[in-house]
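Input: a single structure, listed below in C-alpha cells.
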There are 2 protein chains.
Amino acid sequence: MHILIIGAAGMVGRKLTDRLVKDKTLGGQEISALTLVDVVAPAKPAGFAGAVETITADLSAPGEAEKLAAKRPDTIFHLAAIVSGEAEADFDKGYRINLDGTRFLFEAIRQQGVQQRYAPRVVFTSSIAVFGAPFPDKIDDEFFSTPLTSYGTQKAIGELLLNDYSRKGFFDGIGIRLPTICVRPGKPNKAASGFFSNILREPLSGQEAVLPVSPEVRHWFASPRAAVGFLVHAATIDTARLGWRRNLSLPGLSATVGEEIEALRRVGGDKAVNLIRHEPDATIGKIVDGWARDFDASRAESLGFKAERSMDEIIRAHVEDELGGKIGG
Amino acid sequence: MHILIIGAAGMVGRKLTDRLVKDKTLGGQEISALTLVDVVAPAKPAGFAGAVETITADLSAPGEAEKLAAKRPDTIFHLAAIVSGEAEADFDKGYRINLDGTRFLFEAIRQQGVQQRYAPRVVFTSSIAVFGAPFPDKIDDEFFSTPLTSYGTQKAIGELLLNDYSRKGFFDGIGIRLPTICVRPGKPNKAASGFFSNILREPLSGQEAVLPVSPEVRHWFASPRAAVGFLVHAATIDTARLGWRRNLSLPGLSATVGEEIEALRRVGGDKAVNLIRHEPDATIGKIVDGWARDFDASRAESLGFKAERSMDEIIRAHVEDELGGKIGG
C-alpha cells in the first residue's frame, strides 16, 4: 500500500508518519511506500523498510496536484492548510491554499481516473471552525455550517467538494472535524487558542505560562495521540456506513480551563499550577467567546472514533509521548 | 440606482425585469439604469425611461465578471446557473458556470472595492437542493447542507462564499433558497420537477398533461410572482437583521400533488382535472423521493418574505399573470 501525506511536516503530519512507520500496516495491508509532501521539506522517517519520497511542493501551484495524483497512492491524507489567523489576515492566500489547493487535489484525483479506474481513500482534515456562534449547547452532526472565519469557510467548502466527488465515485472520501489539539507540543505560539496547551505544557516542564481568559471558559479537546488515531481510523473505516454524509465531527472532551488546571494539579501538583499567571486579555477573551464549547459526536463514536474522556488522560498522553514520563523539566 | 441582473434572459430574470420596469423604483430609489446579462441575448424591456444595456456574456469566461463589476452597479441580482440535471450530467460545466462563475463575480466585486469603496447589495438565488435526504419533517434554517447533486453542492458553496465576502465587507450579500416555482410558464419540459407545473398549466389551457408520480407526493412551492417578490424584498431588506447568517430558506407552500389536483378542480372544474393522465414513472418517482417536502421558514417570514398560502392562490396568480384571467385555452 502506497500512502500520500500532504502536510507531512506539520505537527499532526509528523505524528501520523511516525505512527504509520511504527505500525508498518494500515487496515491490515502492508505499507510499501510513503510519499511525504509539504511546503517545507518533510523529514525522512527513520526505520521504515519501504520506499520513502519526500517532496517540497505547494499544492496550490499549477501542476503540483497532478504530479501527486499521478503516483496513484492508495490512501491520501490531506492535512495541508494555512491556519485560521493567517487565512483571516491574508484573504487571497487563504483561498489559494485552503480552497484552490484542496480543489486541485480532488480534481487531479478525478482526472487520474479518466483513463484507468482510480478511487483512493481520501482523508480530509476539516475543522470545528465550520461552525459559527450562536451555538446550541451541544453541536450535533446536523447543525449547519455558518463559519465566522475565512478558514472555516474554506474548510466547509472542502467538505462539500469531498462529499460531491465521493458521491460521483471519483474517490472514497471522509472529512473529519478535529477538536482543538491539546496538549500541542512545541513552543508557546501566538495563536489565540495557544493558551489551552500552554497552561499545561509549560508548567509540566517547569516553565511559566500565561492564562489570558477566565477559568470558566469551556472548549473542545483531543490529544495529538487521539488525532492520529482518528486519521488512521478514517483511513480504514467502511465508508459505506457514512452514506452521503461524508463529513463528521469527531469525539473530544468538553472541558473548562478550570478543569484543565485541576487536572494539572492532580498530575503535577500545586508546584505546576503555581506556574500559571492569570493575565486577562479582552481581545483573546472575545475571540474565544465565539468558539464551540461542546459537541454531540455520537455519530462518530458509533463509527468507532475514540477520544480521551478526561483531562487527566490528555495530560498523561502528553507526559508519556513528549516528556518520556518525566514531569517538572 | 443602477441594477445589474445576471441571468436576465431566464424565466425569473425576465419577470424580475418586468417588475422593476413597472415599479420604476427599488427600495424607494429611482431606477436610472438596468444592465441585463445572460448567455443568450436578454430582451430590451419596453417602456423603461432609464438607460438599458443588454449584454450577452458567460460569467465564467475570463474577464467577464470584471467588466460587469467595473460598471459599479448598486444592486446585483445573480440568478445565472445551469440547472440541476445539466450540472449532474456535465460535471465540468456545472462547476465552471455555477461555482467558478459565482466566485469570479464575487471576486470581481471585491477587486472593484480596492481602489475606491464599493459594496453593492448582492442577491444570490440559492436552492433547496442544498439539502439532501433524509430530512426532518420540516427543514429549518439550522439544518445542515448535504446536497445530493452537484448543483446543490455548487449552490451551497456559493452560499458560503457569499457569507464570507459579506462578513469581510466586500459586498452586502443575501442568499435566498427559492421553493420550486409553480406554475412555471412556457412549454412542458423534461426536468424531473416539470410535472408539478405541467399538471396545472396544461389543463388550464385545455391541454393534456402527464402525472408520473402518486398524488401523495408532497413538495414545496411558490409562484413566479412570489419569487419576484422575494428578489425585490431581498434587495431592499436591512441586512443587519441577518447577522452573519446571510442565507435563508424562503417561505413556500407545502402541498401534495393531490392537493394541486383538487385546487385545479376548484379553479378549472372536472373538465380540467380530466386532462391529467396518470402514467407512473419509477425513475421520476425515485428522484422526487429525495426532495424536500416541507420547511420551517419562520426566519424568512419574520424578515418579511411572503409566499402564497394555498394552491388556489398559486393557480390564480398563474391565471392572472399568464392567461389574462382566461381559463380553458
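Just a few scattered comments:
- Cβ-Cβ distance of B:LYS67 and B:GLU301, R₀ of 56 Å, FRET efficiency by 1/(1 + (r/R0)^6): the value works out to about 0.90.
- All Cα-Cα separations within the range A:142-221 were binned at 10 Å from zero, giving a P(r) of 15, 34, 26, 18, 7, 0, each value a whole percent of the pairs.
- Percentage relative contact order, the range B:186-296, counting C-alpha pairs under 8 Å, at least six apart: 44 percent
- With contacts taken as Cα pairs under 8 Å at a separation of at least 6 residues, chain B carries a relative contact order of 17 percent.
- Ellipsoid semi-axes for the range B:216-329, based on the Cα gyration tensor and the rule √(5λ), read 30, 20, 10 Å when sorted largest first.
- GNM result for chain B, Cα springs below 10 Å: residue of B:ALA41, B:ALA234, B:ALA307 fluctuating most strongly: B:ALA41
- Nearest-ten-degree value, helix B:11-23 long axis tilted from longest Cα axis of chain B: 70 degrees
- Rounded Å value of the spacing that divides the Cα centres of the range A:235-266 and the range B:69-127: 37 Å
- C-alpha long axis of helix A:101-115 to longest principal axis of chain A, angle in °: 30 degrees
- Volume per residue of the C-alpha convex hull in the range A:7-88, rounded to whole Å³: 96 Å³
- Helix A:257-273 axis, angle to chain A major axis (alpha carbon atoms, nearest 10°): 70 degrees
- Beta bridges from DSSP with both residues in the protein assembly as shown: antiparallel share about 15 percent, rounded to the nearest 5.
- Theoretical FRET efficiency, 1/(1+(r/R0)^6), r = Cβ-Cβ of B:VAL114 and A:ASP312, R0 51 Å, to 0.05: 0.50
- Each Lys and Arg Cβ is given +1 and each Asp and Glu Cβ -1; about its Cα centre, the range B:38-161 then shows a dipole of about 540 debye.
- Tensor-based shape of the protein assembly as shown (alpha-carbon gyration tensor, a/c under 1.5 rounded, otherwise prolate or oblate): prolate
- Remark: the range B:116-212 carries a charge dipole of roughly 400 debye about the Cα centre, counting +1 on each Lys and Arg Cβ and -1 on each Asp and Glu Cβ.
- Kirkwood-based Rg to Rh ratio, the range B:88-221, C-alpha trace: 1.06
- For B:VAL210, label point 7 Å along C-beta direction: distances to other copies, nm: 7.2
- Furthest towards positive pole of dipole, A:GLY229, A:SER193, A:ALA240, structure part the range A:164-261, Cβ charges: A:ALA240
- Counted charge near B:THR146, where neighbours are those whose Cβ lies closer than 13 Å (Asp, Glu -1; Lys, Arg +1): +1
- Length-normalised contact order of the range A:12-113 in % [C-alpha pairs under 8 Å, at least 6 apart]: 23 percent
- Residue-wise HN-Hα coupling along the range A:27-43, computed from phi with Karplus coefficients 6.51, -1.76, 1.60 (Hz; x: Gly, Pro): x, x, 9, 5, 8, 8, 8, 10, 10, 10, 10, 6, 6, 10, 4, x, 6
- Shape class for chain B, computed from the alpha carbon gyration tensor (a ≥ b ≥ c): prolate, with a/c not under 1.5 and a/b above b/c.
- Net charge dipole, the protein assembly as shown: roughly 640 debye, given to the nearest 20, about the Cα centre with Cβ charges of +1 for Lys and Arg and -1 for Asp and Glu.
- The fewest-to-most ranking of B:ARG201, A:ARG245 by surrounding Cβ atoms within 10 Å reads A:ARG245, B:ARG201.
- Gaussian network model of chain B, Cα within-10 Å springs - most flexible of B:GLN207, B:GLN154, B:GLN115: B:GLN115
- Computed on the Cα atoms alone, the convex hull of the range B:1-140 gives a volume of 141 cubic angstrom per residue.
- Residue order, fewest to most surrounding Cβ atoms within 10 angstrom, among A:VAL122, A:VAL319, B:VAL228, B:VAL213: A:VAL319, B:VAL228, B:VAL213, A:VAL122
- Segment B:TRP244..B:LYS326, full-extension length gain: 25.0 nm, with 0.36 nm per residue of separation and the alpha-carbon distance subtracted.
- Helix-only arithmetic for the protein assembly as shown: the sum of -39500 (n - 2.57) across DSSP H runs with n ≥ 4, divided by the residue total, places the mean residue ellipticity at 222 nm at -11500 deg cm²/dmol.
- Excluding same-chain neighbours fewer than eight residues apart, the aspartates and glutamates reachable from B:LYS67 by a Cα-Cα span under 20 Å are B:ASP38, B:GLU53, B:ASP58, B:ASP100, B:GLU107, B:ASP172.
- Here B:LYS22 is the anchor, and the lysines within straight C-alpha reach of less than 25 Å, apart from those fewer than 8 places off in the same chain, are B:LYS44, B:LYS71, B:LYS306, B:LYS326.
- Charge dipole of the range A:39-150 about the Cα centre (unit charges at C-beta), most positive-ward option of A:ALA65, A:ALA81, A:ALA129: A:ALA65
- Cα gyration tensor, the range B:12-59 - rounded (a/c under 1.5), prolate or oblate: prolate
- What the phi angles of the range A:61-72 give under the Karplus curve with 6.51, -1.76 and 1.60, with θ = phi - 60°, is a coupling list of 7, x, x, 5, 4, 4, 4, 5, 5, 5, 6, 6 Hz, glycine and proline written as x.
- Inter-copy label distances at B:ARG309, using a point 7 Å along Cα-to-Cβ, come to 5.4 nm with the shortest given first.
- Amide H contacts under 5 Å for B:THR35: B:ILE3, B:LEU4, B:ILE5, B:GLU53, restricted to partners 5 or more places along the chain or on a different chain, H placed in the peptide plane at 1.01 Å from N.
- Cβ crowding within 10 Å, taken as a proxy for footprinting-reagent exposure, orders B:SER302, B:SER127 from fewest neighbours to most as B:SER302, B:SER127.
- Using a 7 Å projection from Cα along Cα-to-Cβ, the label point at B:LYS67 is separated from the same position in the remaining copies by 3.7 nm, smallest value first.
- Positive minus negative residues near A:ILE276 (Lys, Arg vs Asp, Glu; Cβ under 13 Å): -2
Each value in this text was obtained by applying a stated rule to the coordinates, not by laboratory testing. The structure presented is a predicted model; accordingly, all values stated were derived computationally and were not measured. Positions of Cβ are generated from backbone atoms using ideal geometry, with glycine treated the same way; all protein chains shown enter the neighbour counts.
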